[in-house]
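Below: the structure, in structure tokens.
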Amino acid sequence: MADSSERPFCIGDLPAHLILEILSSGQLCASDLACFETTCRMFSGVHALEPIQFLSIVEFAACRHCEDNSIFSSLPPDARSKLLRRCGDNWKKVLRFLQSVEQSFSSVKTSAGEMQIATGKYHTLLVHDMSVYFCGSSLSGLLDHDRETKPFAAFSRIDFPSPSRVAHISASHNHAAFVLQSGEVFTCGDNSSFCCGHGEVSRIVFRPTAVETMKGIPCKQVATGINFTVFLTLQGQVYTCGSNEHGQLGHGDTSDRPVPTVIELFEEQGHHIVQIAAGASYTLAVTDDGTVHSFGSAPTFALAMKNNTINLYHAVSSHLRAGISIYFEFLLEMNMQWHSIQVYTWGRGYCGALGHGDEINKTSPELLTSMKCNMAVQVFARKRKTFVVTDEGLVFAFGWMCFGSLGLSDRGSSDKVMEPRLLSGLSSHRVSQISTGAYHTVAVTNRGRVFGFGDNEKTQIGPAQALSNYLEPTEMALPLHNNTVEDSPPLGS
């Protein structure tokens with residue numbers, strides 16, 4: 001029998017080098033390390049183990065986490081130094097930035113579990129602990145498991161043929177794609193353009209269905225454009241299917257592809273792709289050396305070329321990209337190789353969607369100077385409106401205010417916001433991810449709370465109210481894991 005007089009084990013009894021190993025391993029995030037440092041003198045103190053430049057063992061551990069991060073390790077030495085200086089020589093802030101970037105285009109780790117959101121024209125998709133839910137319109141068969149066309153005012157679970165854990169989602173106007181934890185890909189929606197990748201089955205696919213061509217080829221990301229889909233494999237290959245009228249599938253022609261087909265030119269040139277994005281009729285692919293390749297048609301200069309239509313590839317930059325978001329008329333990117341984490345925009349400037357204080361079209365990337373003092377971790381652009389999320393969880397919005405989809409209640413005399421404005425309705429929360437559809441927007445916080453604003457005609461935000469639009473961010477009820485839907489209790493700020 002154990003001696004009751006023995007005192008509880010204390011981590012402080014361990015040698016410093018073991019404490020460092022514990023802090024440097026596992027799934028600790030920047031906020032965990034900061035909490036250790038502020039609540040325990042042992043973690044904030046200076047140990048003989050740390051090199052002289054570290055003020056605490058936690059700072060040393062944060063540095064080691066950064067060195068193991070794939071984004072940070074791919075940066076050249078001078079870019080790493082600039083990033084550290086930009087973060088005030090604080091390794092915990094560098095780590096927070098890197099982890100925020102990683103989560104901005106995949107699952108977000110929140111106190112309520114892992115989450116991801118995606119918005120279509122009249123619907124919202126939510127991944128919560130690897131189960132998928134939706135609300136809004138089910139027109140075109142999208143997410144319509146009962147083959148009805150009624151809107152769903154509360155999150156309803158999407159059933160897969162077998163128990164599945166969904167790791168990544170993408171939504172477009174009339175179809176959706178899902179990547180499972182195993183790497184298998186499912187799609188559903190209107191397949192008349194072959195965008196679902198199920199062969200020449202030009203009908204509506206009512207339930208998520210495995211893409212047979214991709215079986216045995218594990219994927220990590222999908223991107224859904226208008227009537228086409230892009231698949232990124234774990235090996236860095238890119239497959240595309242669907243409509244190819246503008247060469248957006250990247251095969252050097254304009255022939256449609258009823259099933260996913262590998263882009264051979266990437267293979268021939270030895271390119272390893274690390275991220276993809278799909279617009280209305282064009283595609284971007286980022287290589288591991290930071291080069292962005294574009295193909296398709298962009299009549300509004302979004303491909304950053306004077307010749308707006310291409311059927312092969314065009315390297316638009318040689319700088320490393322932390323993240324990229326495209327849709328319809330314009331494009332944005334984050335550049336990590338400058339003195340700060342800067343946002344560039346180009347394309348059509350209608351309604352101030354580029355954020356430069358005017359409506360002038362930009363044929364090449366132009367620095368968004370008003371955001372220079374902020375460290376951007378995500379940009380999302382769609383339908384003449386743009387959102388930028390910072391590493392502090394703040395959201396800035398600009399562009400078209402119609403239907404309240406910018407979340408700014410003080411419209412004034414114009415429905416155009418020409419420069420980035422802080423979204424005050426979310427400033428008391430730390431936003432981890434944002435997605436905007438044609439006319440509505442949804443955001444997820446680090447506490448796992450979900451907020452929506454904009455058009456709610458098809459109940460894509462929640463139950464219908466007296467007015468069909470939510471002009472300010474409104475909390476959406478989360479689904480429960482027993483497949484029922486209730487209002488979630490507040491989870492804190």
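The values are calculated or read from the model by the stated rules, or taken from the named source; none is laboratory data. The model shown is predicted, which means the values in this text are computed figures rather than measured ones. Positions of Cβ are generated from backbone atoms using ideal geometry, with glycine treated the same way; all protein chains shown enter the neighbour counts.
If Phe228 passes every condition in (1) farther than 22 Å from Gln460 by Cα; (2) of a type in the set (A, V, I, L, M, F, W, C); (3) touching a residue at least 60 places away in the same chain (Cβ under 8 Å) but one, which one does it miss?
The single condition Phe228 does not satisfy is (3).
Across region 294-310, what is the total count of residues that are at pLDDT 55 or above and crowded, with 24+ Cβ neighbours inside 10 Å?
4
Test Lys220 against the criterion of being closer than 17 Å to Ile276 by Cβ and among the charged types (D, E, K, R), and give yes or no.
Spelling it out, Lys220 is indeed closer than 17 Å to Ile276 by Cβ and among the charged types (D, E, K, R).
In region 205-233, how many residues are over 17 Å from the mean Cα position of the chain (by Cα) and either assigned to a strand (DSSP E or B) or at pLDDT 95 or above (or both)?
16
Please give the number of the condition Ser340 fails out of (1) modelled with pLDDT of 85 or more; (2) in contact with a helix residue (DSSP H, G or I) (Cβ under 6 Å, 6 or more places away or on another chain); (3) surrounded by fewer than 21 Cβ atoms within 10 Å (Cβ to Cβ).
For Ser340, the failing item is (1).
Can you pull out every residue in region 441-459 that is of a type in the set (Asp, Glu) and out of contact with any His (no Cβ under 7 Å at 6 or more places or on another chain)?
Glu457
Pull up region 440-460, narrow it to residues that are assigned to a strand (DSSP E or B) and small (Gly, Ala, Ser), then point me to the one that is surrounded by the fewest Cβ atoms within 10 Å (Cβ to Cβ).
Gly452
Do the conditions hold for Ala277, that is, is it touching a His at 6+ places or on another chain (Cβ under 8 Å), of a type in the set (A, V, I, L, M) and at pLDDT below 95?
no
Among the numbered criteria (1) crowded, with 16+ Cβ neighbours inside 10 Å; (2) in a loop (DSSP other than H, G, I, E, B); (3) modelled with pLDDT of 90 or more, which single criterion is violated by Ser370?
(2)
Tell me which strands (runs of 3 or more DSSP E) are completely within region 60-171 and hold 2 or more residues being under 21 Å from the mean Cα position of the chain (by Cα) and at pLDDT below 85, or say none if there are none. Steps first, please.
Details: elements: 108-110, 113-119, 123-128, 131-136, 152-157, 166-171.
Passing ranges, in order: 108-110.
With the condition kept exactly as written, say whether any residue in region 396-414 is touching a helix residue (DSSP H, G or I) at 6+ places or on another chain (Cβ under 7 Å) and on the phi > 0 side of the Ramachandran plot.
Checking region 396-414: at least one residue is touching a helix residue (DSSP H, G or I) at 6+ places or on another chain (Cβ under 7 Å) and on the phi > 0 side of the Ramachandran plot.
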